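Structure first, commentary second.
The values are calculated or read from the model by the stated rules, or taken from the named source; none is laboratory data. The shown structure was predicted, so the numbers you read here are calculated from the model rather than taken from an experiment. Positions of Cβ are backbone-derived with ideal geometry, glycine not excepted, and every protein chain shown enters the neighbour counts. Quick note on the areas: whole protein, heavy atoms, side chains included, nothing else; ligands and nucleic acids left out. Shrake-Rupley method; radii C 1.70, N 1.55, O 1.52, S 1.80 Å.
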Amino acid sequence: QQQVKQSPQSLIVQKGGISIINCAYENTAFDYFPWYQQFPGKGPALLIAIRPDVSEKKEGRFTISFNKSAKQFSLHIMDSQPGDSATYFCAASTLETSGSRLTFGEGTQLTVNP
Amino acid sequence: GAVVSQHPSWVICKSGTSVKIECRSLDFQATTMFWYRQFPKQSLMLMATSNEGSKATYEQGVEKDKFLINHASLTLSTLTVTSAHPEDSSFYICSARGQGYYGYTFGSGTRLTVV
């Protein structure tokens, strides 16, 4: 019940296209859903995050869509650029619970071709 | 805000020696710190969670005597890999949470190579 399933495992997109990565969770107690971007040899960096009280959050070219009833959330990268090529991880957490921790998805290797 | 500094970024050590990795929260008090291990092309695997002033809680299968974690202050946690062996070679990443900030901030990671 702690798992977060992420798909696809890898994604190739042309420059200017839309990249879409999906995640599904089972634990309804999760109340914080961040997306992280990781470049080779670096730690994950927070890209964007959403709480379950909203269905969508947009920051620049990055949008999270959240479907509470389906227990799914997705990351959309508009106008994808070669510099967006990285590994993306979705995650989930129960923020207010003592001892909470992040549960990560398996990761998506995004390649944006010029 | 919410910056975590991790050092060193890479280290090579001889088999049988110990290596210490430091994780510092620079602009907030880290009440909880997390240590992860990441293998190539895989997700992050949580090794242990530590609260300031308390003993670390290790995940199942993680040897607490091999991976010593100290969280003695609100800004510093250390991971010591004792008697390192080649199979301990990996990418180690720390993360921190603080009071009044509900996110998780990650360090830049440490590439450990044991030869």
I'm trying to understand the selection: among the residues of the range B:85-102, which are facing another protein chain (nearest Cβ under 7 Å) and crowded, with 23+ Cβ neighbours inside 10 Å? B:ILE93
Within the range B:9-41, can you find the residues that are modelled with pLDDT of 95 or more, more than 16 Å from the chain's Cα centre (by Cα) and surrounded by 14 or more Cβ atoms within 10 Å (Cβ to Cβ)? B:CYS13
Strands (runs of 3 or more DSSP E) fully within the range A:26-114 counting 2 or more residues that are open to solvent by 20 Å² or more (accessible area, probe 1.4 Å): A:45-50, A:56-59, A:62-67, A:72-77, A:108-113
Just to be sure, is A:SER10 within 14 Å of chain B (Cβ to nearest Cβ) and touching a residue at least 24 places away in the same chain (Cβ under 8 Å)? yes
Of all residues making up the range B:42-51, the number that are facing chain A (nearest Cβ under 7 Å) and open to solvent by 70 Å² or more (accessible area, probe 1.4 Å): 0
Identify the residue in the range B:70-93 that is assigned to a loop (DSSP other than H, G, I, E, B) and at pLDDT below 95 and, among all such residues, is nearest to B:ILE12 (Cα to Cα). B:THR75
So A:ILE20, is it within 15 Å of B:GLY103 (Cβ to Cβ) and either of a type in the set (Phe, Trp, Tyr) or not in a loop (DSSP other than H, G, I, E, B) (or both): no
Among the candidates B:THR105, B:THR82, which residue alone is open to solvent by 20 Å² or more (accessible area, probe 1.4 Å) and not acidic (Asp, Glu)? B:THR82
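Residues checked against (1) touching a residue at least 12 places away in the same chain (Cβ under 8 Å); (2) more than 14 Å from the chain's Cα centre (by Cα):
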{"residue": "A:GLY41", "(1), (2)": "no, yes"}
{"residue": "A:LEU47", "(1), (2)": "yes, no"}
{"residue": "A:ILE64", "(1), (2)": "yes, no"}
{"residue": "A:ASN67", "(1), (2)": "yes, no"}
{"residue": "A:GLN81", "(1), (2)": "yes, yes"}
{"residue": "A:ASP84", "(1), (2)": "yes, no"}
{"residue": "A:ARG101", "(1), (2)": "no, yes"}
{"residue": "A:THR108", "(1), (2)": "yes, no"}
Whether any residue in the range B:52-67 is at the interface with chain A (Cβ under 10 Å from one of its Cβ atoms), at pLDDT 95 or above and part of a strand (DSSP E or B) is what I want to check. no
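For every residue, the table says whether it meets (1) of a type in the set (Phe, Trp, Tyr); (2) over 18 Å from A:PRO8 (Cα atoms).
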site: A:TRP35; (1), (2): yes, no
site: A:ALA49; (1), (2): no, yes
site: A:SER55; (1), (2): no, yes
site: A:LYS58; (1), (2): no, yes
site: A:LYS68; (1), (2): no, yes
site: A:PRO82; (1), (2): no, yes
site: A:SER85; (1), (2): no, no
site: A:SER93; (1), (2): no, yes
